[in-house]
Amino acid sequence: ETEAGTLRVSDLHVSYGRSVQALHGVSLTVPQGRIVAVLGSNGAGKSTLLRAVSGTLALHRGTVDSGTVHFDGVRLRGDATRSVAAGVVQVPEGRRIFGALSVEDNLKAGFLGSARRSRAELRADRDRVFTQFPVLAERRRQAAGLMSGGEQQMLAMGRALMAGPRLLLLDEPSLGLAPLMVRRIAEIIREINAQGTSILLVEQNAAMALELSDRASVLDVGQVRLEGASADLAAADEVRRLYLGES
Ligand code: ATP
């Protein structure tokens, strides 16, 4: 079995300070080219898992107590710069758009992508993002804060794509969006994946996440409660009752 482009999380234990144990031995694999979803209710540990992979845990005063994260056969050690250099890029929860800056400046400010790039490379990256998200091209000079929630989500995704990710980490991309916009975002996730980027998708919208993904894990108080092919999980009684809102 090849490790090329594969994310492998093994027996991860994470805590915040002395008293909050957020993950109790979580394991998960994202094979190259796949979409893997992580479901779970509030506080289950979904964001914590993404932070451990993207190397942003320390920003939240969290620590990995044991376990490992490997991407492409390389161990990631909780350093965001290294994760990005390895091709692992996160679109943060809440989008983190600079509302007063223009759309274009938000793309350039993707501190992730801009580091080692020439202006010509930056422009080429930007043009690729504009092709994928025409609405961002139309609004390039507008203040980002004036755009709708869905457009801001596109901007956050576009900014992450500026870094040329091999694995994209998405934290609740559908949060607060109207159903039509949720569909649009789902289509975009599919397009990004079809272009060769693997995706780890954290979602409370279980219906959307199970439809998009190849496999999924259900987190419950810091542990993987269920794991399997998304089609099987969508048919499982427990998932239908607890996460798809059926009785
Ligand atoms: P949500 O969808 O509500 O964000 P989640 O599944 O992403 O939930 P996490 O945010 O990972 O869950 O939280 C897991 C546990 O860790 C929760 O008990 C939460 O209160 C705790 N936690 C998260 N961030 C911190 C932090 N910075 N400091 C202390 N505890 C935290």
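Computed from the coordinates by the stated procedures, all read-outs in this text should not be read as laboratory data. Owing to the predicted nature of the structure, the values given are computational and were not obtained by experimental measurement. For neighbour counting, all protein chains shown are included, and Cβ atoms are generated from backbone atoms with ideal geometry for every residue, glycine included.
Please get the size of the charge dipole for segment 138-247, origin at its Cα centre, with Cβ charges of +1 on Lys and Arg and -1 on Asp and Glu, quoted in debye to the nearest 20.
Roughly 560 debye, rounded to the nearest 20.
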Can you list the residues, at least 5 places off or on another chain, whose amide H is less than 5 Å from the amide H of LEU76, using H built in the peptide plane? VAL69, HIS70, PHE71
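Taking the convex hull of the alpha carbon atoms in segment 121-219, what volume per residue do you get, in Å³? All intermediate terms of the calculation are to be shown ahead of the outcome.
Numbers: hull volume 10.2 nm³, N = 99.
Enclosed volume per residue, from the Cα hull, is 103 Å³.
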Sites removed, the longest contiguous part of the chain containing no DSSP-loop GluC sites (Glu not before Pro) with at most 13 other Cβ within 10 Å is 2-245
Residue with peak Gaussian network fluctuation, the chain [Cα springs, cutoff 10 Å], from THR81, THR29, THR131: THR131
log₁₀ of I(q)/I(0) at q = 0.09, 0.13, 0.19 Å⁻¹ - segment 57-188, Debye sum with one point per alpha carbon: -0.28, -0.57, -1.12
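Kindly provide the trypsin sites (Lys or Arg not before Pro) of segment 1-68 that DSSP labels as loop, not H, G, I, E or B, and whose Cβ sees at most 13 other Cβ atoms within 10 Å. Don't skip to the end; give the middle numbers.
Details: sites: ARG8, ARG18, ARG34, LYS46, ARG51, ARG61; in loops: ARG18, ARG34, ARG61.
Answer by residue number: ARG18, ARG61.
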Can you divide the C-alpha Rg of segment 12-92 by 2.2 N^0.38 Å and report the result to two decimal places? 1.05
Mean-position separation - Cα centroids, segment 56-112 and segment 132-184, in angstrom: 17 Å
Binning at 10 Å from 0, report for the chain what percent of all alpha-carbon pair distances ends up in each bin. 8, 32, 37, 20, 4, 0
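Given the rule -39500 (n - 2.57) for each run of at least 4 DSSP H residues, summed and divided by the residues of the chain, what is its mean residue ellipticity at 222 nm, to the nearest 500 deg cm²/dmol?
Working: 11 runs with 93 residues, N = 247.
Mean residue ellipticity at 222 nm (helix-derived): -10500 deg cm²/dmol.
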